[in-house]
Amino acid sequence: MTGRARRRVAGMGLALLGVVAVAGCGVTTEGDDRPLDATDVPAGLLDTPPSPSTTAAGPAPTALVPVPTYGFELYLVLDDRLVPVRRQLSGPPDLDDVLELVAAGPRPAEQDQGYRSVLGDPVVVTGTPPVGGQVTIDVGDAFTSLSGADQLLALAQVVYSVTSLPGVGRVAFTSGGAPIDVPRADGLLVAGSVSRDDYAALVAPSSAVPTTAPADATLPVVPPG
């Protein structure tokens, strides 16, 4: 073999040795950008990250503001005696409120317990605003024609209910605008104004009041003036 041929054979041997060496090292002839199989990727890397929430926040809850109520004592008749019941309004009660409620009489639940009102159609009364702690109530013909016992109860209902208003302590009565004398609980006619003291004998003792209270009985009572 010539020298040139020997050099060619030797070069081929070196090349073969290089291929074997590369194969032994486990290096492939493919490029580095070969995609990996999913089974070769560590767990969790292929998970899709959660997207930010796009739900719009609702409006903030509105705080409930309590509505003030005003309570006072209204007087009805039970077994021919005055008995207090509670009433409430959304604003401070005035004289017209009291007279309207007295005329409206007992509620159905109170009627079932035996309550009644001597006032109301056709016994209608009207009033003027208080002056110096006194109000004036004008009564009609139906009022003056009531029997003696019912007239006393009607007077007592008005006096006790009206004087539940703050600042009111006495009541004067007129008929057609002219002052009239009215009887007290003891039967004595009185000129001028009267007060609760004149009809205290007609108020039922607390032991005679039914134990079942009206629905709004827990409301505060406006004290008399």
Next on the checklist: Sorted from largest to smallest, which semi-axis lengths in Å does the alpha carbon gyration tensor of region 97-154 give for its equivalent ellipsoid, taking the root of 5 times each eigenvalue?
Outcome noted: 22, 16, 10
Checklist entry - Once you put a point 7 Å from the Cα of residue 204 and another 7 Å from the Cα of residue 149, both along the Cβ direction, what distance in nm separates them? => result 1.5
Checklist entry - What is region 60-146 by shape, rounded, prolate or oblate, if you read a ≥ b ≥ c off the alpha carbon gyration tensor as root eigenvalues and call it rounded for a/c under 1.5, prolate for a/b larger than b/c, and oblate otherwise? => result oblate
Next on the checklist: Let's test this: bin the Cα-Cα distances of region 72-225 at 5 Å from zero up to the farthest pair and state each bin's percent.
Outcome noted: 2, 10, 20, 25, 22, 14, 7, 2, 0
Checklist outcome for this item: Rounded to 0.05, the calculated FRET efficiency for the beta carbons of residue 175 and residue 111 at R₀ = 22 Å is 0.15
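Efficiency by 1/(1 + (r/R0)^6): what FRET value for residue 69 and residue 128, r their Cβ-Cβ distance, R0 = 22 Å, to the nearest 0.05?
E(calc), rounded to 0.05, equals 0.25.
All of the numbers you see were taken from the coordinates with simple rules; none came from a lab. In this text, all values refer to a predicted model and were calculated from it rather than measured experimentally. Please note: Cβ atoms are built from the backbone with ideal geometry, for glycine as well, and neighbour counts cover all protein chains shown.
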